[in-house]
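Visitor: Here you go, one structure.
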């Protein structure tokens, strides 16, 4: 194939395309993080903080869980927007950071489950926990999808969708820990994380179609 043929092929493929303003994935990520923090705080204020929030803040294990979840959410959100553009080779090595933190969280859950068990679960969990979970995550999930589809063109849609799910889930879980008074594994992890697992299964099947060019 000659250079003229290559130029003709490029012109054919680019016919009808319009120039777009380059996006800054880091800026979009920080914008989304700020939005989620403000939204999560507003929802927590609306629902009402857990009655023992001051006492809980004084417990090392509670603070560890919140800080760990926040670290996962921050790094996963950065990865989401970094992977939203084709030129993401430099950031791929950062994938290990949120995955490692997530692995630490999984080990923590398993350790608590082994020593404490599930604990008691409220009978009205379906009406309260799941409704609050949906309230915490609906707007952030829609926001990240709109931001990514508006300014991104990912070549790794499945990975990007996975990190988007992780970031939304962790921020939403932090919101639930601020309002839910139960600290046992059954309430704090099983019920508050189960909806995200279900959403993740569905999102895995539609990721390529949802985030295609």
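None of the figures in this text is laboratory data; all of them are computed from the coordinates on show. Here the structure is a predicted model, which is why all the values come from computation and not from measurement. So basically every Cβ, Gly included, is an ideal-geometry build from the backbone, and we count neighbours across all protein chains shown.
Visitor: At residue 138 and residue 8, where each label point lies 7 Å from the Cα along Cα→Cβ, what is the point-to-point distance in nanometres?
Guide: 5.5 nm
Visitor: Run the quick spin-label model on residue 38 and residue 92: label points 7 Å from Cα toward the beta carbon, then report their separation in nm to one decimal.
Guide: In this crude spin-label approximation the distance works out to 3.6 nm.
Visitor: Give me the one-decimal nm value for the distance between modelled label points at residue 109 and residue 55, 7 Å along each residue's Cα-to-Cβ direction.
Guide: Label-label distance for residue 109 and residue 55, simple model: 2.7 nm.
Visitor: Okay, next question. Where does each of 163, 94 land when they are ranked from fewest to most other beta-carbon atoms within 10 angstrom? Intermediate results must be reported in sequence, preceding the final value.
Guide: Values: 163 27, 94 15.
Ordered by Cβ neighbours within 10 Å, fewest first: 94, 163.
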